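Below is one structure, written out as structure tokens; the observations come after it.
The values are calculated or read from the model by the stated rules, or taken from the named source; none is laboratory data. Because the structure is a prediction, the values reported are computed rather than measured. Here the Cβ positions follow ideal geometry from the backbone for every residue, glycine too, while neighbour counts run over all protein chains shown. These accessible areas exclude ligands, DNA and RNA; they are computed on the full protein's heavy atoms, side chains included. Shrake-Rupley method; radii C 1.70, N 1.55, O 1.52, S 1.80 Å.
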Amino acid sequence: MIFRKMTTAEVRDIIKQIEKSYLCNLGDMVDNNDFYLSDMKTAVIYFYSKKFSENVDLIIEKSRSINLHPLFIGGIFAYKRGRIWEPDLDVGQLLVNKCGNVIRLNEQLIYKFLYGKELLIKETFNFAKGIVVDYNMKFMGYASLRKVKNMTKLIPENDLGYYLRSGH
Amino acid sequence: MKRYQDIKDLIGVLRSSELSKQLAIKFDFRDYMIERYLRMFGKDETLEFLNSCSIPLSKSIRCNDLKVECGRLVEAMRKKGFVLTKVKWIPHGYIIEKKPARPSLGATIEYLMGYYYIQGLASMIPAYLLEPAETDFILDMAAAPGGKTTQIGQLMKNRGNILAIEKSKSRARALRENLRRMGIENVVVLRSDVEVVTKLGIQFSKILLDAPCTAEGLIPIKPERRKSRSFDDILYLNKVQTRLIDIASSVLKEGGRLVYSTCSIGVEENEAVIEYAISKYNYKILNFTTFPSSKGIVEYGDVKFSDEIEKCMRFYPHKQGTEGFFICVLEKEEK
């Protein structure tokens, strides 16, 4: 089990992967936050505003001294699926404003998407991973895209419907 | 009238009168509960209270202005068939006056986006009384499922620090998901017994102790509570609550603020705990008149609590139209 603060270089490597997948520029994310790696069942990277992270470091240090570690810090930036780092729901809206691979859906399709349904839409895109938003540019989730003739199959990967499905 | 010394002083009130037996049968409560209400309210108000327990409370939500402008939320919900009315005395509180058959309040897109939290009106008040600021390092001692934690984070605008403690694995998971859904990013969650904070060597500027309780204030929402708890359960919870006061007192900075709250209405879980706190530690009770609360109880049967306990706040379904709730704001005086 690992729980530690990450170096800027480590974070930049992971951010590069995400920037490439979703066509983003996330430079100021690194400038404004500190990042913490939790490598247990699933590897997760948490972020916390640099301005206030001194006390977070104190909690980590003090809890480590009694063989504890935090369950959760700030927000989740990314989690690892296989070998790939995927951005989390917590930074979805931030990515909407900083990334190019954005797909807008109407309310009817959004409901289907949030219920985990694959969608066939009459449009083509030149990317394989997209950020799904509603008509007000509000983040709904992440999807992978597959070309089907002149259409695109949208496969929900991680979406806000999770909060309904998780039952909390 | 004798001065309250400890919880044993409150056991004597349990001899059920004929009236309490009759009312217990009529309203389907346990005798001991009615006997206590008669001592708290007198006969007429006890009847008012018991009648109000049969009337379901309106659902309420807290608008999350970190994510949405509240006027826009009201409008978006109106389009879905929800009618929301602003509660004048709670900055982010709305009553659900009307709702559609579908979707349910916990299944709208706005809910999933973290635009609101379904929360009782009275339970929104402790976070305001904490007056959290970005310079604060706050301890939330019994945090899950996160209604008040997310509210404190909202009021701090995601600045400063909150340490939230929760022992139960499933409740800690619920806390985590609510923090994420509501977009709260200034919380560290430790899954542990709350005793752990005494070992961290950290002092906090403010503490919220929304204590585990018998939920006697939630009878309008959970009718089964009329019969589900014994007086022994209440005595047990009193022990837990006073222990939590000890823990909070050991990690609160001098000049710091402790907000104690429960969703119970019994003096055993409230005034008796505050009396313990002010007699053992150097606390003063702060007076707030911002909310339309009833006063803390200082005379209960033949037992007398300290006069300043009157500054604590009580909420009832028959008076404020909220769940039964108790809040007291304590300030640790500098030596």
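Report the label-to-label distance for residue B:232 and residue A:25 in nanometres (one decimal), using points 7 Å from each Cα along the Cα→Cβ vector.
Inter-label distance under the simple model: 6.9 nm.
Taking θ = phi - 60°, what integer Hz values does the Karplus form 6.51 cos²θ - 1.76 cosθ + 1.60 yield along region A:49-62, in sequence order, with x for Gly and Pro?
3, 4, 4, 10, 7, 4, 5, 5, 4, 5, 4, 4, 4, 5
Mind grabbing the accessible area of residue A:54 for me, 1.4 Å probe, Å², rounded to tens?
Surface accessible to solvent at residue A:54 totals approximately 150 Å².
What ³J(HN,Hα) values, in whole Hz, does the Karplus curve 6.51 cos²θ - 1.76 cosθ + 1.60 give for region B:274-284 when θ = phi - 60°, with x put for Gly and Pro?
Taking θ as phi minus 60°, the curve returns 5, 4, 4, 5, 6, 7, 8, 10, 8, 9, 10 Hz for region B:274-284.
Could you list the square roots of 5 times each eigenvalue of the Cα gyration tensor of region B:60-118, that is, the equivalent ellipsoid semi-axes, sorted largest first and rounded to whole Å?
Its equivalent ellipsoid spans semi-axes of 16, 13, 10 Å.
Give the total of Lys-Lys pairs in region B:60-118 with Cα-Cα distances below 20 Å; include a pair only if its members are 8 or more places apart or on different chains.
Lysine pair count for region B:60-118: 10.
Based on the Cα coordinates of the protein assembly as shown, what is the per residue volume of their convex hull in Å³?
It is 147 Å³ per residue.
Put +1 on the Cβ of each Lys and Arg and -1 on the Cβ of each Asp and Glu in region B:62-213; which of B:76, B:142, B:154 then has its Cα farthest toward the positive end of the dipole?
Going by the charge dipole, the pick is B:76.
Let me spell out the model: positive unit charges on the Cβ of Lys and Arg, negative unit charges on the Cβ of Asp and Glu, origin at the Cα centre of the protein assembly as shown. What dipole size does that give, in debye rounded to 20?
With only Lys, Arg, Asp and Glu charged at Cβ, the dipole is about 1860 debye.
Rounded to the nearest 20 Debye, what is the dipole magnitude of region B:44-169 about its Cα centre when Lys and Arg each give +1 and Asp and Glu each give -1 at the C-beta?
Once rounded to the nearest 20, the dipole reads 700 debye.
Along the Cα-to-Cβ line of residue A:123, 7 Å from the Cα, sits a label point; which residues in region A:93-109 have backbone N less than 16 Å from it?
A:96-97, A:99-109, by backbone N distance to the label point.
Quick check on the protein assembly as shown: helices-only [θ] at 222 nm, where DSSP H runs of length 4 and up contribute -39,500 (n - 2.57) each and the sum goes over total residues. Nearest 500, please.
For the protein assembly as shown, the value works out to -9000 deg cm²/dmol.
Return the average number of partner chain Cβ atoms within 10 angstrom of each residue Cβ along peptide A:15-26.
Partner-chain Cβ atoms within 10 Å, mean over residues of A:15-26: 0.
Along the charge dipole of region A:102-166, pointing to its positive end and built from +1/-1 on Cβ of Lys, Arg, Asp and Glu, which listed residue (A:127, A:106, A:162) has its Cα farthest out?
The Cα lying farthest towards the positive end belongs to A:127.
Which whole-number percentage describes the relative contact order of region A:3-96, with Cα contacts under 8 Å and a sequence gap of 6 or more?
Computed over region A:3-96, the figure is 25 percent.
Rounded to the nearest percent, how much of the accessible area of chain B (1.4 Å probe, protein heavy atoms only) is carbon and sulfur?
Of all accessible area on chain B, carbon and sulfur atoms account for 48 percent.
Pull up the cross-link candidates among the lysines for residue A:147, meaning alpha carbon to alpha carbon under 21 Å and not fewer than 8 places away within one chain.
Within the straight-line limit of under 21 Å, residue A:147 reaches these lysines: A:20, A:112, A:117, A:122, A:129.
Taking the Cα centre of region B:157-211 as the origin and placing charges on Cβ (Lys, Arg +1; Asp, Glu -1), which of B:187, B:197, B:164 is farthest toward the positive end of the dipole?
My answer, from the dipole projection, is B:187.
Using a 1.4 Å probe over the heavy atoms of the protein chains, calculate the carbon and sulfur portion of the accessible area of chain A as a whole percent.
49 percent
Using a Cα-Cα cut-off of under 26 Å, which lysines could be cross-linked to residue B:26, ignoring same-chain neighbours fewer than 8 residues away?
Correct list for residue B:26: B:43, B:222, B:227, B:319.
Could you give the accessible area per residue of region B:192-291, probe 1.4 Å, as a whole number in Å²?
35 Å²
Is there a quick way to get the dipole size of chain B? I mean about its Cα centre, with the Cβ of Lys and Arg at +1 and of Asp and Glu at -1; what is the value in debye to the nearest 20?
Dipole magnitude for chain B comes out near 1180 debye.
How much accessible area per residue does chain A have, counting only protein heavy atoms and a probe of 1.4 Å, in square angstrom?
Result: 51 Å² per residue.
So which lysines pass the test for residue A:5, namely a Cα distance under 19 Å, with those fewer than 8 places away in the same chain ruled out?
A:16, A:41, A:50, A:51, A:62, A:80
Could you give the Stokes-Einstein D for region B:122-332 in µm² per second, using the C-alpha Kirkwood radius, 20 °C, 1.002 mPa s?
Estimated diffusion coefficient is 124 µm²/s.
Counting protein heavy atoms only and a 1.4 angstrom probe, how many square angstrom of accessible surface do chains A and B bury in total, to the nearest 100?
For chain A against chain B, roughly 3300 Å² becomes buried.
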